[in-house]
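Q: Sharing a structure with you now.
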Amino acid sequence: MEKMVNAEFLRGAYKDKKVFLTGHTGFKGAWMLQILQWLGANVKGYSLAPEKLNDLYVQIEGDKLCYSSVIADVCDKQKLQTELVRFEPDYVFHLGAQALVRRGYDMPSYTFMVNAQGTAHVLDAMRLLPNPAVGVMITTDKVYDNPERGLPFSEDDKLGGYDPYSASKASAEIVIDSYRRSFFNPATYPNHQKSIAAARAGNVIGGGDYSDDRIVADIVRALSFNETVGLRNPASVRPWQHVLEPLGAYLLLGARMTEDPVKYSTAYNFGPNPEDMLTVEELTKEFIQHYGNGDYKDTSDSKAVHEAKLLLLNSEKAKRELGWQSTLDARTAIRWTAEWYADKHHSAREKCMQQIETYFG
């Protein structure tokens, strides 16, 4: 496996640095916390409490990996501002979000509040920092207006969103760009000393995801009870990527922004190879094969809420400017994920660290 992001380079950027990480109790946040702790960073987490007793954050005893863990809402502007400014971080990684499409339909106004207004709160707090800082704002591949033509989206394509989740993340992108232009303009960097970037990735899979309405989590729940896996959208095509791919990209971006805070203060796509696509059904077959047992059935409903059938990202800008590209193909990502869940001999922390060390080397 060719390594686009290596541990030595990242350790040089993050060792003994202060990192403010929102969403640290979530699936991606828990993986990010472990990587940052492994790199020697001092992490202050800010997030809602884990939703489930078996969430990855709980399994890895995430509180022990944090310099400080604050359980609070990004919608609480005053609390967020106090905690972030008091910490005076070198880096801010904003992963906190309402991240589920179907929950967005159930709770649309809350989804907009968390994803758009919450992002504004983070950026507002960064305005008050007295020290230089890098901010990496995490959005999603779903921020683009998607006519489903089968073409990969580039960073300058039109933003949009059919469903509330997608639209809320597109709104967050507009918020980020507005703050970048209005308060953190690269042209006036010496005055404010803040570098802000947006990172767009999506459809991540990996061990420890137990979220509702996520395909791998749904598969694992069914298989653990010896039930048949029900597929809502078996024909939907996604460019699946292992969770370590975007997290490594975010960390690489943050490190590059420290080197040149003006050049890299922009938006980047971090997607897998557009040719490396599998349907939900193909993913399920592959997962079951590596997990060791199980079966599935089509449970699609023509009256179900709209979800995009095809999403592709063009990551040429990240490759050209950052030297990043995807290194794990979809089948490898599925195998790593299935093996994580199938391994009953090691702790969640041990399984994560084994994959982190293999990936970053």
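Laboratory data are not the source of any read-out in this text; all were calculated from the coordinates shown. A quick note: this is a predicted structure, and the numbers were derived from the prediction, not measured. Every residue, glycine as well, gets a Cβ built from its backbone with ideal geometry; the counts of neighbours run over all protein chains shown.
Q: Could you let me know the centre-to-centre spacing of region 253-301 and region 325-343, using Cα atoms, in angstrom?
A: Region 253-301 and region 325-343 have Cα centres spaced 10 Å from each other.
Q: If you don't mind, there's one more thing I want to ask. Determine the relative contact order of the chain: mean sequence separation of Cα pairs under 8 Å and six or more apart, normalised by residue count, in whole percent.
A: That works out to 19 percent.
Q: Taking H placed 1.01 Å from N in the peptide plane, check which residues at least 5 places from residue 267 or on another chain put their amide H under 5 Å from its amide H.
A: For residue 267, the qualifying residues are 198.
Q: Quick check: residue separation of residue 131 and residue 297 times 0.36 nm, minus the Cα distance between them. What number comes out in nm?
A: So the chain would gain 54.3 nm between residue 131 and residue 297.
Q: Mind checking which aspartates and glutamates have their C-alpha under 15 Å from residue 317, skipping anything on the same chain fewer than 8 residues away?
A: Filter leaves 141, 155, 156, 157.
Q: Next question, about the same structure. Tell me, what is the FRET efficiency for residue 331 and residue 357 to the nearest 0.05, using R0 = 22 angstrom and their Cβ-Cβ distance as r?
A: E(calc), rounded to 0.05, equals 0.55.
Q: Just how far, in whole angstrom, is region 47-81 from region 82-126 if you go by their alpha carbon centroids?
A: With region 82-126 and region 47-81 each reduced to a Cα centre, they are spaced 13 Å.
Q: When you count, for each residue, the other Cβ atoms within 10 Å and take the mean per peptide, how do 46-55, 129-138, 18-27, 288-297 rank with the highest first?
A: Most protected by this proxy first, the peptides run 18-27, 129-138, 46-55, 288-297.
Q: Per residue and in Å³, how big is the convex hull formed by the alpha-carbon atoms of region 64-223?
A: With only Cα atoms used, region 64-223 gives 138 Å³ per residue.
Q: Can you give the alpha-carbon Rg of region 200-313 over 2.2 N^0.38 Å, where N counts its residues?
A: Expressed relative to 2.2 N^0.38 Å, the Cα Rg reads 1.26.
Q: Please identify the GluC sites (Glu not before Pro) of region 261-361 that satisfy two criteria: DSSP loop assignment and at most 15 other Cβ atoms within 10 Å. Which are they?
A: 275
Q: Convert 20 °C to kelvin, take the viscosity as 1.002 mPa s, use the Kirkwood radius over C-alpha pairs of region 7-360 as Rh, and evaluate the Stokes-Einstein diffusion coefficient in µm²/s, rounded to a whole number.
A: 105 µm²/s
Q: Among 28/285; 17/158; 44/142, which pairs are too far apart, with a Cα-Cα distance over 26 Å?
A: 17/158; 44/142
Q: For region 7-360, give the share of DSSP beta bridges that are antiparallel, in percent and rounded to the nearest 5; count only bridges with both residues there.
A: Taking every DSSP beta bridge within region 7-360, about 10 percent pair in antiparallel fashion.
Q: Can you list the residues of region 8-47 with backbone N under 17 Å from a point 7 Å past the Cα of residue 212, pointing along Cα to Cβ?
A: Answer for region 8-47: 26-27.
Q: Something else about it: With a 10 Å radius around each residue's Cβ, average the other Cβ atoms per peptide and rank 243-250, 209-216, 81-88, highest first.
A: Taking the mean over residues of other Cβ atoms within 10 Å, the ranking is 243-250, 209-216, 81-88.
Q: Report the extension gain between residue 339 and residue 107 in nm, rounded to one decimal, defined as 0.36 nm multiplied by the number of residues separating them, less their alpha carbon distance.
A: Extending this stretch completely gives an extra 80.1 nm.
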